[in-house]
Amino acid sequence: MKKIVFFIVALVFISCKNDKSENNSEEVQVKSDSTTNVEEIEFKQVDPKIIDNDSLWKPFEADLSEFSTEVYEEVKALVFEKSIPEIQQAINEDKLTYEELSLFYLTRISEYDRENEFSLNSVISLNPNLIKEAREKDQQKSKVSNQHPIFGIPVLLKDNINTTAMPTTAGSVALQNNQTEDAFIVKRLKENGALILGKANLSEWANFFCEGCPNGFSTLGGQTLNPYGRKVHDTGGSSSGSGVAVAANIAPVAVGSETSGSILSPASSNSVVGIKPTIGVLSRGGIVPISSTLDTPGPITKFVVDNAILLDAMAGVDNADPASRTSEKKQGNYYSNLEKTDLKGKRLGAIKALMEDSLYVRAINDLKNAGAEIVEFESEDIDLPNFLRLLNLDMKKDLPAYLKNYGGEVGYKNVQDVVAYNDEDSSNRAPYGQALFLGIVKDSASEKEFAAIKDTLKRNGTTFFEKPMKEHNLDAVLSINNYHAGYAAVAKYPAITVPMGYTSENKPMGLTIIGKPFTEEQLLQFAYIFEKNSKRRKTPVNYNE
């Protein structure tokens, strides 16, 4: 088991990032029923210093003042811990409006997200036009035929995803005025009728900025906290706010992004569902990058069906993104066929070194009981050399490209400009330092050397999965949380994580299913069957009101 532990620790430093809460010891990492003492995490900074709450809430004051406690409770009975199809059914039966739905989530953000004993700091900004747009959806709903299930549903976006009504900050003070057009996936969401609720907090610059800083911290948004153990359990990162907000029913669904573990980590850490799609299934256009080689957005939701709906609502071919352009004929039907399959005859690979984890073993038994054939195998000890350098070299060229092609008038052209800006007031602009950004500035490589780095990583990551899948004729590989996110990243294999239970300290854990490229439809089906047969997710206790 020690080889797996070392590899996760190594990748935590170089990706964005594998779960830091799994770094402390072999026992904590692999034994879900560990009984180690739980202590509160000490943070340099929790509440944000820059967000102006008065400005944040001013557009909603009048509407929220009329949204009574009685109406809130009526809406809660129809919305809380409900899937998108259940919410849409209530709306179709005229028991609920999209305006009430939006006010419900605004109320919960006001109650649970800022400066009180339950605050989670999962939201950076709110769409000031949300209520007006929700009323428009209420007027349109009877006039629009063949509505997508996302129609009228408020969606929270990780704050590295461009949208017009709010700045796109990546959690950085340097980008606090980065006013942009919509990212391609946001255009797709709006075309399908979704409402943009606001922007989610994140690990600053998608966790590729400071060294040793906690998951979920951004200088602009403060420290995101885990609702299953506030100041006790790690939020995971870098899509920390997206995972936390969905877990606490602060948003119905959210969008994250992943380079290596940044969806799988916060989804599993907060007992929700997250999928990291194959590169190209979703456009990266208009998203603050780390690596054009590995980056992808993806959905984070409470239920698998919502994950499929949100993935489908964002899909589409973006000719400005080469990976999206080449994936046009490989995209699937993500939500219509969820119930039209079973696990009979499906062969799923279980990694022997993970069989020490009691929750993993229980999840495997759930899959067996649902008809799957489980094949145990020994995973190979394969290195991913120069992973950090891949990220350095990509971001060195990809951030300037974003700022030039998709960014607002921020006055920066590259990483060095941002470093210089932060150095002017480092205690307020980079309280944990900016060691990873400094590493980007210092790194360089010839085109030939860079290509060799990418080729080696792709080959090694693919071998890690492909060899056992071929040898045992596997349909997918079963992992935990984001333990093998680095391999999936460089292999460009999709992965989905689903709640599989909780440790004795109430720390959420996720079963992660990894498949071959462009098997998202199948992975969603596997996850849906597991979810239906296990029903492991539970609401965080302090966020039930």
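So which residues in segment 129-147 are out of contact with any helix residue (DSSP H, G or I) (no Cβ under 6 Å at 6 or more places or on another chain) and either farther than 30 Å from ILE51 by Cα or outside any loop (DSSP other than H, G, I, E, B) (or both)?
Initial filter on segment 129-147 (out of contact with any helix residue (DSSP H, G or I) (no Cβ under 6 Å at 6 or more places or on another chain)): 129, 132-133, 136, 139-147.
LYS132, GLU133, GLU136, GLN139, GLN140, LYS141, SER142, LYS143, VAL144, SER145, ASN146, GLN147 - these are the residues of segment 129-147 that are out of contact with any helix residue (DSSP H, G or I) (no Cβ under 6 Å at 6 or more places or on another chain) and either farther than 30 Å from ILE51 by Cα or outside any loop (DSSP other than H, G, I, E, B) (or both).
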* Structure fact -> Of those in segment 42-57 that are free of Cβ contacts under 8 Å to residues at least 40 places away in the same chain and under 28 Å from LEU101 (Cβ atoms), the residue surrounded by the most Cβ atoms within 10 Å (Cβ to Cβ) is SER55
* Pairs, first without any contact (Cβ under 8 Å) to a residue 24 or more places away in the chain in segment 95-107, second among the aliphatic types (A, V, I, L, M), C-beta under 9 Å, six or more apart -> LYS95/LEU78; LEU96/VAL75; LEU96/LEU78; LEU96/VAL79; LEU96/ILE87; LEU96/ALA90
* If you take the residues of segment 159-173 that are outside any loop (DSSP other than H, G, I, E, B) and surrounded by fewer than 24 Cβ atoms within 10 Å (Cβ to Cβ), which of them is nearest to the chain's Cα centre (by Cα)? -> MET166
* Might you let me know whether segment 232-243 holds any residue that is outside any loop (DSSP other than H, G, I, E, B), touching a residue at least 12 places away in the same chain (Cβ under 8 Å), more than 24 Å from LYS302 (Cβ to Cβ) and not hydroxyl-bearing (Ser, Thr, Tyr)? => no
* Could you count how many residues in segment 479-514 are in contact with an Asp or Glu (Cβ under 8 Å, 6 or more places away or on another chain) and either aromatic (Phe, Trp, Tyr) or assigned to a loop (DSSP other than H, G, I, E, B) (or both)? -> 6
* **Boolean, GLU258 is farther than 17 Å from ILE124 by Cβ and out of contact with any helix residue (DSSP H, G or I) (no Cβ under 6 Å at 6 or more places or on another chain)** => yes
* Asked: Restricting attention to segment 309-331, which residues are crowded, with 20+ Cβ neighbours inside 10 Å and in a loop (DSSP other than H, G, I, E, B)?
  -> ALA315, ASP318, ASP321, SER327, GLN331
* Asked: Within segment 495-511, is even one residue on the phi > 0 side of the Ramachandran plot and buried (at least 21 other Cβ atoms within 10 Å of the Cβ)?
  -> yes
* Structure fact -> Counting only residues in segment 406-429 that are in contact (Cβ under 8 Å) with a residue 40 or more places away in the chain, assigned to a helix (DSSP H, G or I) and of a type outside the set (Ser, Thr, Tyr), the one farthest from VAL186 (Cα to Cα) is identified as ASN428
* Name the residues in segment 98-111 that are more than 11 Å from PHE67 (Cβ to Cβ) and in contact with a helix residue (DSSP H, G or I) (Cβ under 6 Å, 6 or more places away or on another chain), would you? -> TYR98
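Within segment 343-373, count every residue that is of a type in the set (D, E, K, R), surrounded by 13 or more Cβ atoms within 10 Å (Cβ to Cβ) and not in a helix (DSSP H, G or I). Explain how you work it out, then say what you get.
Step one: filter segment 343-373 for residues of a type in the set (D, E, K, R), giving 344, 346-347, 352, 356-357, 362, 366, 368, 373.
Narrowing the set further to residues that are surrounded by 13 or more Cβ atoms within 10 Å (Cβ to Cβ) leaves 346-347, 356-357, 362, 366, 368, 373.
Cutting the leftovers down to not in a helix (DSSP H, G or I) gives us 346-347, 356-357, 373.
Qualifying residue count for the region: 5.
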* Yes/no for ASP306 being touching a helix residue (DSSP H, G or I) at 6+ places or on another chain (Cβ under 6 Å), in a loop (DSSP other than H, G, I, E, B) and among the acidic types (Asp, Glu) -> no
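Tally the residues that are of a type outside the set (D, E, K, R), surrounded by fewer than 24 Cβ atoms within 10 Å (Cβ to Cβ) and either under 18 Å from ASP423 (Cβ atoms) or at pLDDT 95 or above (or both), restricting the search to segment 195-212.
In the first step, residues of segment 195-212 are kept if they are of a type outside the set (D, E, K, R); the result is 195-198, 200-203, 205-210, 212.
Next, only the ones that are surrounded by fewer than 24 Cβ atoms within 10 Å (Cβ to Cβ) stay: 210, 212.
From the residues that got through so far, the ones that are either under 18 Å from ASP423 (Cβ atoms) or at pLDDT 95 or above (or both) too are 210.
Number satisfying all stated conditions: 1.
Name the one entry in SER102, SER125 that is in contact with a Lys or Arg (Cβ under 7 Å, 6 or more places away or on another chain), surrounded by 15 or more Cβ atoms within 10 Å (Cβ to Cβ) and among the polar types (S, T, N, Q). Steps first, answer last, please.
Details: SER102 fails: in contact with a Lys or Arg (Cβ under 7 Å, 6 or more places away or on another chain).
Exactly one of SER102, SER125 is in contact with a Lys or Arg (Cβ under 7 Å, 6 or more places away or on another chain), surrounded by 15 or more Cβ atoms within 10 Å (Cβ to Cβ) and among the polar types (S, T, N, Q), namely SER125.
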* Asked: How do the pairs read when you match residues in segment 174-190 that are crowded, with 20+ Cβ neighbours inside 10 Å with residues anywhere that are in a helix (DSSP H, G or I) and of a type in the set (Ser, Thr, Tyr), using Cβ under 8 Å and keeping only pairs 6 or more apart or on different chains?
  -> ALA174/TYR421; PHE184/SER324
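Starting from residues that are in contact (Cβ under 8 Å) with a residue 40 or more places away in the chain and assigned to a loop (DSSP other than H, G, I, E, B), keep the ones in segment 116-128 and report whichever is nearest to ALA251 (Cα to Cα).
SER122
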* To do: Of all residues in segment 460-472, count the ones that are within 16 Å of LEU390 (Cα to Cα) and more than 26 Å from the chain's Cα centre (by Cα).
  => 0
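Listed here are the residues, each with its yes/no results for (1) charged (D, E, K, R); (2) at pLDDT 50 or above; (3) under 23 Å from TYR543 (Cβ atoms).
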| site | (1), (2), (3) |
| --- | --- |
| ASP19 | yes, no, yes |
| GLU22 | yes, no, no |
| GLU27 | yes, no, no |
| VAL30 | no, no, no |
| LEU56 | no, yes, yes |
| PHE60 | no, yes, yes |
| PHE80 | no, yes, yes |
* Structure fact -> Sole miss for GLY411 among (1) modelled with pLDDT under 95; (2) surrounded by 15 or more Cβ atoms within 10 Å (Cβ to Cβ) is condition (2)
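The values are calculated or read from the model by the stated rules, or taken from the named source; none is laboratory data. Bear in mind that the values here come from a model prediction, so they are computed numbers and not experimental data. With ideal geometry, Cβ positions are generated from the backbone for all residues, glycine too; neighbour counts draw on all protein chains shown.
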